Amino acid sequence: MSGVGSGVGFGNELAGRTESIVDRYHGELLAAGSILVSDPAVWIECETQARHIVADCASTLMMGSASVARNTIRPVFEIAARRGARGIRPYHFVRAGTILFEIIATELGTLAARGAESEMLLTANTVLAQSIFGQLEADVRCYEAYALDEVTQAVESERASLARDLHDHVGTGISIAMRRLEIIAVSNPQVCVKAAVGALQNALSEATRVAGQLRINLHGRGLRAALIEFVESMSLLTPVVYVRVNGVEDWVSDEILEQTFLMVRECLRNAIEHANASWVAVDLNVTPHDVSVLVTDDGMGFDIGKVSRRNGLDSLAQRARSMSGKATISSSRREGTQVSIWLPAAADVIAVRT
């Protein structure tokens, strides 16, 4: 056979191998430890896409020209949107797309060895590449939207936290001072003014502390110095804070260093203000591939299951996810709290951790 007739035969042959292609695709993803097969809902979408791509390649062989089913175009973006909402990193889809491309390309190569026309196979390979890369492009765009939303939520959460500090500490302190000044006329002026000055000084100290949290500048100081400076700015008697930093900070990007500082600072602030701890320890390790942090305190601890998610701990987890990292918190009543943070060294090594 030749021309369209042979194309129909080869197209039907490729379509007949759909089940074996999907099975091999699933097996190779499983062997690679891909998260795309660990979640049944995600795998169903991957399987459906694989079947559509095989069908498009088979149809192209049958018709002798590029053929992409119209009803598969919209689902590409719908699937990508759902994947993005799950926070699945594009790396996993690039890896899966590469595997699927190699499997189907191998099948097309087998048809070439059996006499399929080269021009027809080239067109089928083009459709294969366009189908896979079109899905990957949609996945990347939707993940970018997801990541941007996570960053925005983290920023809004931190702003809300600062607003609460300004209201609870600064605003309250100034209100107390103003009330004391108001009663000067009916009280001992000397004592009242002294108390008012003390209240205003406390409010000013809180304002300085909160404003200081808005400034981030690690240049020339390093993480350890910046963290110690933050602790010293709070003029603490307790808890005692220990900070240990291992590794060379030049190994990781400035952005990661900044985010690490923000996250550890949030951990320290939570421990200092809420844990009633006698000590807090920060153990921070920098490697050429990542940054890992362990923040531990001996405070009163808490029941994680009963804590509202709209707090500093949720902001911490969101910030880590926005950098393709991870933050986990373990605690129980009267047993202290431990926060573990992992961040990649830079954006170009995010794909190393799967």
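Every number here is computed from the coordinates shown, using simple stated rules; none is lab data. These numbers were taken from a predicted model, which means no experiment stands behind them.
Residue-wise, which Karplus ³J(HN,Hα) couplings in Hz belong to segment 33-50, taking 6.51 cos²θ - 1.76 cosθ + 1.60, θ = phi - 60°, and x for glycine or proline?
Working through the residues one at a time gives x, 5, 6, 5, 9, 7, 9, x, 5, 5, 5, 4, 5, 5, 5, 4, 4, 4 Hz.
I need the phi-derived Karplus couplings for segment 10-22: 6.51 cos²θ - 1.76 cosθ + 1.60, θ = phi - 60°, integer Hz, Gly and Pro marked x.
5, x, 5, 5, 5, 4, x, 9, 4, 4, 5, 5, 5
Under a 5 Å amide H to amide H cut-off, with H placed in plane at 1.01 Å, what residues pair with residue 280 once short-range neighbours are removed?
Those qualifying (amide H under 5 Å, at least 5 residues apart or on another chain) are 240, 241, 242.
Per-residue HN-Hα couplings for segment 293-303, Karplus 6.51 cos²θ - 1.76 cosθ + 1.60 at θ = phi - 60°, whole Hz, x for Gly and Pro?
Values per residue, Gly and Pro as x: 9, 10, 10, 10, 9, 9, x, 6, x, 7, 8 Hz.
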